[in-house]
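For reference, the structure discussed in these notes is given below.
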Amino acid sequence: MSRRYDPHAIEPKWQDAWERDSLYSVTEDATKPTYYLLEMFPYPSGDIHMGHVRNYTIGDVVARHLTMRGHQVLHPIGWDAFGLPAENAAIKSNTHPAEWTYANIETQKASFKRMGFSYDWDRTVVTCDEGYYRWGQWIFLKFWERGLVERKSSPVNWCPSCKTVLANEQVLGDGVCWRCKSAVEKRELEQWYFKITEYADELLNDLETLPGWPERVKAMQANWIGRSEGAEVDFTLCDADGEPTDTTITVFTTRPDTLFGCTFFLLAPEHPLVGELVYGTEYAAPVLKVVEAAAKETAVERAMGEREKRGAFTGRYVVNPVNGEKVPVWVADYVLMEYGTGAVMAVPCGDQRDFEFARTYGLPIPPVVLPEDDPALETLREVRDRQFDNVTWECAYDGPGIMVQSGAFTGMPTGKGGAGVQAVTRWLEDRGTGRFSINFRLRDWLISRQRYWGNPIPAVHCPACGLVPVPETELPVRLPRSVDITKGETLADHPEFYTTTCPSCSGPARRETDTMDTFTCSSWYYLRYCDARNDEAIWEFEKAAYWMPVDQYIGGIEHAILHLLYSRFFTKVFRDMGLVTFGEPFTNLLTQGMVKKDGEVMSKSKGNVVAPEDMIAEFGADALRAYVLFMAPPDKDLEWSYDGLEGMFRWLGRVWRLVAEVGKETAGGCGIAASGDPATKNLRRETHRVIGKVSDDIGRFQLNTSIAAMMELTNAAYDYRKAVRDGARDLALTREVAETLTLLLAPYVPHMAEELWSEVLGHQGSVHRQAWPAYDASAAAAEEVEMAVQVNGKVRGRITVAADLAEEAIMAAAFTAVASHLEGKEVVKAVVVAGKLVSVVVK
């Protein structure tokens, strides 16, 4: 055994041994507590990057630690393998997406093994495998049976670069595609949707049952779901002559108390009534101009508060139900069809965007709610009918206050959810022109994609029967390999794929040629890991019940809305199908920080990428693992430092030499324990302090401070060897320290720990199957402590006292130590901070 730490000899040796012995394969075992540790599975984009290294190392430490604590730990891995990047890469390299994908999976798999990750490779899932996407199609059919699938025509987000539609969640805040960053357009298309809105209330309310999730993530989901309480209000449409008709247009508002301030009415450019209202009139041209301009912008761009609002009058009116006034109908580009009903009662005194629109087009802005401290309230408090048509304000007021110029409701206190809101809504209900209502920002999930490399939608279009589901017995609908995407081909270009017969009437039919959004694949993979090789069912109920829900999920904050929201939706549907008994898939969530270099996120385009494989080749995987854990807490960003990695390698070398020396001097036995001299007592105390510290820190994901504690134990062990000569050392203790340090390091540097345990210390069996070191609180307790004594904030002395000494005695010792600084002064206050200091204030 070499005294020199050589990771390049050690690491491949133990990787082969672990694979040969199937060390990390697990099965259900009712005698042990279970723990399901999962990191978000990767996309097979090529070589792994430092983000992968950090994310998966964090999870690996926790999984290994809990295994040593006696848990039956499920720690699987797989690949999210369908999607647009594979198509683009295949076009660029003139190959097939399947070839590109599977080649990259093998590359990443080899890297993960070189990193020493403790995955159960027997449970690996790859979403583009037929054995996996067959069950994704089965889920689609089951959702369809439950009324959760719909095909409809509507304005959709279209990425001209990716040449496919996007879900609302896939359009970023600046109106660009989440993947390629191209500007997103609006198009009217017939598409497939999952009706996630059926679960909107539950998705929102159940966030309260997730105390183990970051508040930031829960807030992001709550905002996206966007539950609003208010009222639906019916406005009667007038004909071209201004006479009321039988047609009503319904709006949703959270402020029905402001209805008396509605001075114009807005329709979204996409609203189906727009064309009908202006057809053949003088208003058609300006309205069409607004409609066409809006079609070139994304919903995000149109909703931006600071942009100029554009609109046009339709020449028509609606009747305000609270006062009978005829209100002009405008088309406005900042009104969105997908939010609410696509129609808005504009109250410019209470909404900033309406306020700006009214100022631009010279529309009235009468005040109807005033804050209680507004001087104008004295004038308007008793005014029921409108006397003032315009305010002199610089902006709208949307806060609570007193209703004015509001008929019988004048003088009533109001605000969101306030008395005025309730009173007006009840008044509307009594007259059949309104009702209490709840609205959600969340919209149904658009899942169809006009791309080849995805899971085919199991549906058939029959001229006689309409839309028909593919029978379960005919699954999977196989994705053909004959499509040549380098020529721009999709499934719609392949008659051999789409030509079929109707499962219902056996007549000629056309198979659906859209594929499913890749997020449908990642919304249930965590459940498939429980029973990954089951060909007869999506999973066995008992196995899912044994492992699920996931105890700890680890991934990036960028998945807060998309993946995490969809997975929660899928799980709730599975529960209602009787496939599982729980409604939330992930009990605890950790969102890890990014790895940066020179203050920037690592990126090929920025030229600041550090390749993990290069670092492994130079320093070994264990040093890289320990480094990414040590440099920052897991939830914070990490700034890359080559010197830091080199320093970590040197520390591992120190540990290696320490354990090697102990192994050599205790090879013949440890002899009789030493007499308990102070140095020996201190080392034993430090050993148990560090055991407790590391154990506690792993449980709190403070992995950087746990490594710091092990460095302190390393230093203490070396200090002991310097302080106590060879013949006087407590060899049993030095052996205990070496073994303890090796066991504590095992989750962090698994290869080195395995070599030290087996080859240096001479133990049988893997270090990763040993029990975690037991913490003895009494052994960790100090017999004596040194305490600083401060006088008016400055340290004036130090005392060494028994750790359990009474406070009065500590105070007396402190006063004696700093007597010269107290002479002739009055002690105003004295405080003992246990185990640390005594603070004295004098004057």
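FYI, it's all coordinate maths here, none of it is from the lab. Nothing here was measured: the structure is a model prediction, and the numbers come from that model. So basically every Cβ, Gly included, is an ideal-geometry build from the backbone, and we count neighbours across all protein chains shown.
Things worth noting here:
- For segment 731-843, the alpha carbon convex hull comes to 142 Å³ per residue, rounded to a whole number.
- Counting only aspartates and glutamates at least 8 places from Lys152 when in the same chain, those with an alpha carbon closer than 16 Å to its own are Glu188, Glu190, Glu270, Glu338, Asp444, Glu512, Asp514.
- Straight-line cross-link reach from Lys829 at under 17 Å between alpha-carbon atoms covers these lysines, not counting any fewer than eight positions away in the same chain: Lys794, Lys843.
- Segment 254-301: radius of gyration over Cα atoms, expressed as a fraction of 2.2 N^0.38 Å: 1.42
- Other-chain or far-sequence residues with amide H under 5 Å of Trp79's (modelled H): Val125, Val126, Thr127
- Here the Karplus relation 6.51 cos²θ - 1.76 cosθ + 1.60, evaluated at θ = phi - 60°, turns the backbone of segment 570-580 into coupling constants of 4, 4, 5, 5, 4, 4, 5, 7, x, 7, 9 Hz, with x for every Gly and Pro.
- Environment charge at Thr425 (Cβ cut-off 13 Å; Lys +1, Arg +1, Asp -1, Glu -1): -1
- Coupling constants for segment 826-843 follow from the phi torsions by the Karplus curve (6.51 cos²θ - 1.76 cosθ + 1.60, θ = phi - 60°), and in residue order they are 9, 6, 7, 7, 9, 10, 9, 9, 3, x, 10, 7, 10, 10, 10, 10, 10, 9 Hz; glycine and proline get x.
- Phi-based couplings in Hz for segment 80-87 (Karplus 6.51, -1.76, 1.60; Gly and Pro marked x): 8, 9, 7, x, 5, x, 5, 5
- Here, P(r) means the percent of Cα pairs in each 5 Å bin from 0 to the largest distance; for segment 558-642 it is 3, 12, 15, 16, 13, 10, 10, 9, 8, 3, 0.
- For Glu229, net neighbour charge (Lys/Arg +1, Asp/Glu -1) across residues whose Cβ lies under 15 Å away: +2
- For segment 362-494, the ratio of Cα radius of gyration to the globular rule of thumb 2.2 N^0.38 Å stands at 2.05.
- Stokes-Einstein, applied to the Kirkwood radius of segment 680-788 over Cα pairs at a viscosity of 1.002 mPa s and 20 °C, places its translational diffusion at 147 µm² s⁻¹.
- Cα convex hull of segment 440-599 - mean projected area over all directions, nm²: 14.2 nm²
- Residues Asp122 and Glu150, FRET efficiency given R0 of 41 Å [Cβ-Cβ distance, rounded to 0.05]: 0.60
- Crossing angle, helix 419-430 versus the chain [Cα axis fit, 0-90 degrees, rounded to tens]: 50 degrees
- Eligible lysines near Lys681 by straight Cα distance, threshold 21 Å, same-chain separation 8 or greater: Lys693, Lys722, Lys836
- Inter-centroid distance (Cα atoms) of segment 222-270 relative to segment 11-70, Å: 55 Å
- Burial order of peptide ranges 101-110, 83-92, 483-492 (average beta-carbon count within 10 Å, highest first): 83-92, 101-110, 483-492
- Segment 502-588: C-alpha pair distances exceeding 15 Å, %: 65 percent
- Loop GluC sites (Glu not before Pro), segment 196-287, which have at most 10 other Cβ atoms in a 10 Å radius of their Cβ (DSSP): Glu282
- For the residue pairs Lys32/Lys142; Lys113/Lys142; Lys32/Lys195; Lys186/Lys218, the C-alpha atoms sit more than 31 angstrom apart in Lys32/Lys142; Lys113/Lys142; Lys32/Lys195.
- Extension gain for the segment Ala809 to Ser603, taken as residue separation times 0.36 nm less the Cα-Cα distance, is 68.1 nm to one decimal.
- With a simple spin-label model that places each label point 7 Å from the Cα along the Cα-to-Cβ direction, the separation between Ala617 and Asn792 comes to 6.5 nm.
- FRET E, pair Ala545, Trp138, Förster distance 22 Å, beta-carbon r, rounded to 0.05: 0.65
- The value given for segment 638-734 is a Kirkwood hydrodynamic radius of 14.9 Å, derived from the mean inverse Cα-Cα separation.
- Summing charges over neighbours of Ala103, with a neighbour being any other residue whose Cβ is under 13 Å away from its Cβ, gives -2 when K and R count +1 and D and E count -1.
- Helices in the chain, meaning DSSP H runs of at least 4 residues, each add -39500 (n - 2.57). Divided by all residues, the mean residue ellipticity at 222 nm is -11000 deg cm²/dmol.
- Which listed pairs, of Lys289/Lys309; Lys92/Lys596; Lys181/Lys296; Lys109/Lys606, have C-alpha distances above 21 Å, in listed order: Lys92/Lys596; Lys109/Lys606
- The chain - Debye-derived log10 I(q)/I(0), Cα point model, q = 0.07, 0.09, 0.10 Å⁻¹: -0.74, -1.02, -1.13
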